[in-house]
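Trainee: Please find one structure pasted underneath; my questions will follow.
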Amino acid sequence: MDTPTKTVERSARSSIVMWAVAPLIWAALLVGWLYLISNGPVSTITLVVLLALPAPWLLWASWRMPRPRADTYLAEGGALLTGFIALYLATLTYMMFNEGPAPVELMVVFFAAAAVFIAAAVPLPGRRIAYGAAALACVILGIGLRVLYSGTSYYPGIDFITKDELFAWAFLGLPALGALLQVLWWLRGRSRVRSA
């Protein structure tokens, strides 16, 4: 007969496994969509749903999952990873064949991503610097790709991400800087606790 402790341990293990494989399942569904691509409305709706899925995923991990737990951190990390990929793919989708500035839809996507980061930071004081930097990056990209258009706006060729320095610095640099500042803030807090 199972004791309550064994049942909780089994549930915790299954939750860890589920959140660990969730990004792989998301990626497999995305690759499956690429191979089953068609031009119909069902294909477009499927892509939009897949690319939007990391937003409620991150909000669930931030607002509803208990901390500190391994499955919560796996869920949060998976949401951030898939969200990063989704934003990059949204940029590819809208900009690859675009001759002018980014369309309004892409600006709305980046503004929505910024709102998700801000909402995810509300219950997590230990994430506010990192998520704030990511939200700022989204706002800069939303405005920058629309307003600061140039003839070399986007090249999806052999370059790592793009020749557009604004995109590279904002998409990669600001979130990385925010994460670094958040870690330094956390270390500062720990050193204060130890010295007290």
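Every number here is computed from the coordinates shown, using simple stated rules; none is lab data. On a predicted model such as this, the values are computed, not experimentally measured, just so you know. Note that we place each Cβ from the backbone using ideal geometry, even for glycine, and neighbour counts take in every protein chain shown.
Trainee: Which residues in segment 68-107 place their backbone N less than 17 Å from a point set 7 Å from the Cα of N39 along the Cα-to-Cβ direction?
Mentor: So the set is 97-98.
Trainee: Continuing with this model, one more query. Regarding segment 32-111, what whole-number volume in Å³ per residue does the convex hull of its Cα atoms give?
Mentor: That works out to 110 Å³ per residue.
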